[in-house]
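K.L.:
I have a structure I would like to understand better, so I am pasting it below and will then ask my questions one at a time.
Please treat every number below as a calculation from the coordinates, not as lab data. Quantities reported herein were computed from a predicted structural model and do not represent experimental measurements. All Cβ positions, even for glycine, are placed from backbone atoms using ideal geometry, and neighbour counts span all protein chains on display.
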Amino acid sequence: MPEAYEALVAALKLTDIPFAEYGWKTRPQGTYGVVQLEMEAGSLDGNGEKLDRAWEGSIDVFFRLLSERDDVMETVEEILTEVCGDSWTMNSLQHESSTGLFHVEWVFQVIGEHVPEPEDDDDAV
């Protein structure tokens, strides 16, 4: 598992925002988040083999009150900067009328050798 991804997940889970990898069986009430790796973003090949690769992933945070936006964004972006440097971007901020929740998505990249298996988390999908 890419060490930077492990560090990112661990740091997010230490916040006041409940986080799960890849999804929730039952989403929490209030503010919550999901973090996941999604695809290979690039690789370094040599001597006929893959030597290293970058993985792209996302962090999604859902919250009910617009007044929570700044705190949520500051919390996640501080961790992204600490762990990923400048290899992240805020991808979207939207209101989902079907759930009544605001949704912020960030996209990040980490370096690593393979895709991690989701942890066996009772709340995760």
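K.L.:
Where does each of 77-83, 89-95 land if you order them by average Cβ count within 10 Å, highest first?
P.N.:
Highest to lowest by the protection proxy: 77-83, 89-95.
K.L.:
Taking the Cα centre of each part, how many Å lie between region 58-108 and region 1-33?
P.N.:
Here the two parts' Cα centres lie 12 Å apart.
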